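Take a look at the structure below.
The values are calculated or read from the model by the stated rules, or taken from the named source; none is laboratory data. Only a predicted model underlies this, so the values are computations on that prediction, with no experimental measurement involved. A quick note on method: Cβ atoms are made from the backbone with ideal geometry, for glycine too, and the neighbour counts reach across all protein chains shown. These area figures cover heavy atoms from the full protein model, side chains too; ligands, DNA and RNA do not enter into them. Shrake-Rupley method; radii C 1.70, N 1.55, O 1.52, S 1.80 Å.
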Amino acid sequence: NAIAPLLEGEIYQAENKLDQALISYRQAFEKKPSTKALFLITNILTLQNNQTEALALLNKELKKNKKNLAINLKLASIYHQQNDTENAKKHYKSILTMQPKNALILNNLAWIYHQQNNPKALNLAKQAYQISPESATIADTYGVILIKQGNLKQGIDALKKASILAPAIYDIQYHLAEAYASTGKQKQTIDILKNILSSKENFSEKKTAASLLKNHPSIF
């Protein structure tokens, strides 16, 4: 019976006893292999900065069924977090063969292509946006890519929509400020940058936002 060690592992994990939790989850997986137990194991390994073993275990299980959607997604996520974009792309593409209209996967793959300056990014981002136009993250990705590829008006429209959908996500607000700055819209840029830089919240683009304000005195 795999239920008892699963419950035991969850108790250990709640107590932050990760080594004991891992042992229990492994026992559960040995008794009855399941995606749930597999992911509990790999989540603990990831928390312990042992992504190498987590990836090896996931890849081993994927070999038994290449079309396992959940494992492909888990692998793509870990590889993406590790900035292993080639492996992340491989698994995102695999998912798209099974779910061609998965907006999140289209979005993530679009972002990787964007970072690689691959023009394919725009078409993927557009597909994701057409499927999920009310997703702030997807609108943000689409807007950033439009700006990068020179479609300023449409890009700003998408970023404005994203910023309205998620006003508390300051990375999105920064992307809109950056777009305004590139078109010389001084007041809009200043207003957004002052707002997000006055916040005590940390966000990934905070230093870049401060740099934009500092290094463009002529604009401000």
Pair list, Cβ < 7 Å and 6+ apart or interchain, from the stretch 29-58 residues that are within 16 Å of Gln82 (Cα to Cα) and among the acidic types (Asp, Glu) to residues that are modelled with pLDDT of 95 or more and open to solvent by less than 60 Å² (accessible area, probe 1.4 Å): Glu53/Leu45
Do any residues in the stretch 155-170 that are more than 13 Å from Ile192 (Cβ to Cβ) have Cβ atoms under 9 Å from those of residues that are in a loop (DSSP other than H, G, I, E, B) and of a type in the set (Gly, Ala, Ser), where the two are at least six apart or on different chains, and which pairs are they? Leu165/Ser135
State whether the residues of the stretch 182-193 include one that is out of contact with any strand residue (DSSP E or B) (no Cβ under 8 Å at 6 or more places or on another chain) and within 28 Å of Lys89 (Cα to Cα). no
Subset of the stretch 51-67, residues open to solvent by less than 50 Å² (accessible area, probe 1.4 Å) and at pLDDT 95 or above, comes to Ala54, Leu55, Leu57, Leu58, Asn59, Glu61, Leu62
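Going through Asn83, Asn72 one at a time, which residue ends up being in contact with a Ser or Thr (Cβ under 9 Å, 6 or more places away or on another chain), within 30 Å of Pro133 (Cα to Cα) and not hydroxyl-bearing (Ser, Thr, Tyr)?
After ruling out the rest, the residue left standing is Asn72.
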Quick one: which residue in Thr141, Thr208 is part of a helix (DSSP H, G or I), farther than 27 Å from Leu96 by Cα, among the hydroxyl-bearing types (Ser, Thr, Tyr) and at pLDDT 90 or above? Thr208
With the requirement that a residue be of a type in the set (Ser, Thr, Tyr) and either over 18 Å from Ile41 (Cα atoms) or touching a Lys or Arg at 6+ places or on another chain (Cβ under 7 Å) (or both), what does the stretch 54-88 give you? Thr85
